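Report on the following structure.
The values are calculated or read from the model by the stated rules, or taken from the named source; none is laboratory data. In this text, all values refer to a predicted model and were calculated from it rather than measured experimentally. Neighbour counts are summed over all protein chains in view; Cβ atoms, including those assigned to glycine, are modelled from backbone coordinates with ideal geometry. With ligands, DNA and RNA removed, areas are computed over all heavy atoms of the protein, side chains included. Shrake-Rupley method; radii C 1.70, N 1.55, O 1.52, S 1.80 Å.
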Amino acid sequence: STEINKQAVDAVGDLSPRLGTNNHQDEKPSKKNLCFKVAKEHDIPEDLNKVLENKVMGTVSGLYYINMSVVEMACSGNADEEGILSKSVSSHSDLIPGAYEGGLKIWECTFDLIDYFSEAEIEFTNKTVLDLGCGAGLLGIVALKGKAEKVHFQDYNSTVIDKITLPNAVANCIRTGKGGDTKTSQPPSKRPKKAEHPPDVLTRCRFFSGEWSEVTQLLLSSKKPFSKYDVILTSETIYNPDYYGALHDTLAQLLDKNGRVYLASKEHYFGVGGGIPLFEKFIEERNVFKTSIVKTIDKGLQRCIMEMAFKESC
Ligand code: SAM
């Protein structure tokens with residue numbers, strides 16, 4: 001069941017810090033300001049089989065995801081671009097303090113947002129979608145399966161995009177039909193299926209890494225055509241108040257005038273200080289967006305889904 005699968009993901013998540021939970025209080029994310037990490041676009045490799053090589057998959061909420069603990073073991077001792085995976089220790093936060101932003105695990109608010117999409121019957125058909133601070137990219141993958149026209153994925157860390165997001169998108173795309181909908185609900189094998197041809201659905205995706213302001217500049221100044229997003233999805237990205245300015249401006253610059261942001265977050269992130277009330281106050285002061293809390297989850301530490309739209313939007 002989904003619950004069992006969620007537990008499986010939590011087990012994977014034990015490798016990294018848990019923002020806003022009372023256990024693991026010693027594993028707090030860094031409150032340091034991020035350096036303005038340059039943005040880059042990650043090409044989709046021609047040989048998709050290579051992307052999935054040595055990867056072990058799990059499933060959650062009907063989606064495939066790369067089992068991180070196995071990625072970590074496979075990469076142990078080999079330097080990756082950012083050094084995140086170069087050592088095998090029990091907490092990612094110990095690996096590159098201040099430079100790793102949490103994208104290697106699937107955070108619980110992702111599941112809140114996925115549940116909300118079906119409850120509220122959120123439509124992705126023909127929409128352009130951004131999964132901002134995507135980590136595993138499950139939100140974007142759901143939008144892709146919902147027949148979104150384009151889905152862009154962004155994470156701060158390029159290693160997360162290369163090792164997790166892109167492989168997850170590939171794994172879900174090679175098992176889906178033309179429109180992006182899942183063909184079967186058969187249990188997956190642990191090893192991913194071989195990709196004979198790059199599936200059309202994957203050509204609807206683009207992948208970016210870097211700090212939010214830098215990614216925004218890259219998109220807006222690129223020679224490739226860019227249209228603003230109908231929907232921006234973001235989960236567990238408001239933990240650090242120091243990033244609110246960059247996040248706000250990114251949303252303001254990249255969202256279509258009638259677009260919607262769906263943001264999932266814990267009420268409060270202990271140790272870092274961010275959370276829903278502080279972010280709401282920040283948004284109110286900037287006077288660009290209207291916000292509403294569309295769902296509250298009261299299990300343990302309260303979690304919320306917030307919808308945002310431009311004040312002048314219809
Ligand atoms: N959305 C994923 C989930 O729910 O599983 C990952 C959440 S993780 C806690 C926060 C994500 O936000 C990271 O993956 C990181 O890449 C992104 N992020 C946070 N601050 C950022 C910043 N200032 N610039 C770019 N990305 C940032």
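Restricting to segment 139-151, and then to whatever is touching a helix residue (DSSP H, G or I) at 6+ places or on another chain (Cβ under 8 Å) and open to solvent by 10 Å² or more (accessible area, probe 1.4 Å), can you tell me which residue is nearest to GLU121 (Cα to Cα)?
Looking at the filtered set, the residue picked out is GLY146.
If a residue must be in a strand (DSSP E or B) and surrounded by 16 or more Cβ atoms within 10 Å (Cβ to Cβ), how many such residues does segment 271-314 contain? Quick ask: steps written out before the conclusion?
Restricting attention to segment 271-314, the residues satisfying the condition of being in a strand (DSSP E or B) are 275, 289-297, 303-310.
The next check asks that each one be surrounded by 16 or more Cβ atoms within 10 Å (Cβ to Cβ); those that pass are 275, 289, 291, 295, 297, 303-310.
So the count comes out to 13.
Among the numbered criteria (1) more than 10 Å from the ligand (Cβ to nearest atom); (2) at pLDDT 95 or above; (3) buried (at least 22 other Cβ atoms within 10 Å of the Cβ); (4) not in a helix (DSSP H, G or I), which single criterion is violated by ALA136?
(1)
Within segment 256-313, how many residues are of a type in the set (S, T, N, Q) and free of Cβ contacts under 8 Å to residues at least 12 places away in the same chain? Talk me through it step by step, then tell me what you get.
Of segment 256-313, the ones of a type in the set (S, T, N, Q) are 258, 265, 287, 291-292, 296, 302, 313.
This time we only want the ones that are free of Cβ contacts under 8 Å to residues at least 12 places away in the same chain, so: 296.
Result for segment 256-313: 1.
Is there any pair with a first residue in segment 195-209 that is at pLDDT 90 or above and a second that is of a type in the set (Ser, Thr, Tyr) and in a loop (DSSP other than H, G, I, E, B) whose Cβ atoms are under 9 Å apart and which are 6 or more apart or on different chains, and what are they?
So the pair list comes out as SER209/TYR156.
Would you mention how many residues in segment 200-234 are within 15 Å of the ligand (Cβ to nearest atom) and of a type in the set (S, T, N, Q)?
The total comes to 5.
Identify, please: which residue in segment 164-179 is over 10 Å from GLY103 (Cβ atoms) and surrounded by 23 or more Cβ atoms within 10 Å (Cβ to Cβ) and is, among those, modelled with the lowest pLDDT? Walk me through it before giving the result.
Here is the first cut: in segment 164-179, the residues over 10 Å from GLY103 (Cβ atoms) are 166-179.
Now restrict to residues that are surrounded by 23 or more Cβ atoms within 10 Å (Cβ to Cβ): 166-173.
Working: LEU166: 96, PRO167: 95, ASN168: 96, ALA169: 96, VAL170: 95, ALA171: 94, ASN172: 94, CYS173: 91.
Selected residue: CYS173.
Tell me which residues, restricted to segment 121-133, are in contact (Cβ under 8 Å) with a residue 60 or more places away in the chain and open to solvent by 30 Å² or more (accessible area, probe 1.4 Å). Explain how you work it out, then say what you get.
Here is the first cut: in segment 121-133, the residues in contact (Cβ under 8 Å) with a residue 60 or more places away in the chain are 122, 124, 127-133.
Selection gives ILE122, LYS127.
Can you tell me which condition PRO277 does not meet? The list is (1) under 17 Å from ASP155 (Cα atoms); (2) away from the ligand (no atom under 14 Å from the Cβ), and all the others hold.
If we test PRO277 against (1) under 17 Å from ASP155 (Cα atoms); (2) away from the ligand (no atom under 14 Å from the Cβ), just (1) comes out false.
May I ask you to verify whether LYS257 is surrounded by fewer than 19 Cβ atoms within 10 Å (Cβ to Cβ), modelled with pLDDT of 95 or more and in contact with a Gly (Cβ under 9 Å, 6 or more places away or on another chain)? Lay out the reasoning, then the answer.
Values: surrounded by fewer than 19 Cβ atoms within 10 Å (Cβ to Cβ): yes; modelled with pLDDT of 95 or more: yes; in contact with a Gly (Cβ under 9 Å, 6 or more places away or on another chain): no.
Considered against the rule, which asks whether it is surrounded by fewer than 19 Cβ atoms within 10 Å (Cβ to Cβ), modelled with pLDDT of 95 or more and in contact with a Gly (Cβ under 9 Å, 6 or more places away or on another chain), LYS257 comes out as no.
Every residue in segment 122-133 that is part of a strand (DSSP E or B) and either over 8 Å from the mean Cα position of the chain (by Cα) or away from the ligand (no atom under 16 Å from the Cβ) (or both), please. Reasoning before the result, please.
To start, the set of residues in segment 122-133 that are part of a strand (DSSP E or B) comprises 128-132.
Scanning segment 122-133 gives THR128, VAL129, LEU130.
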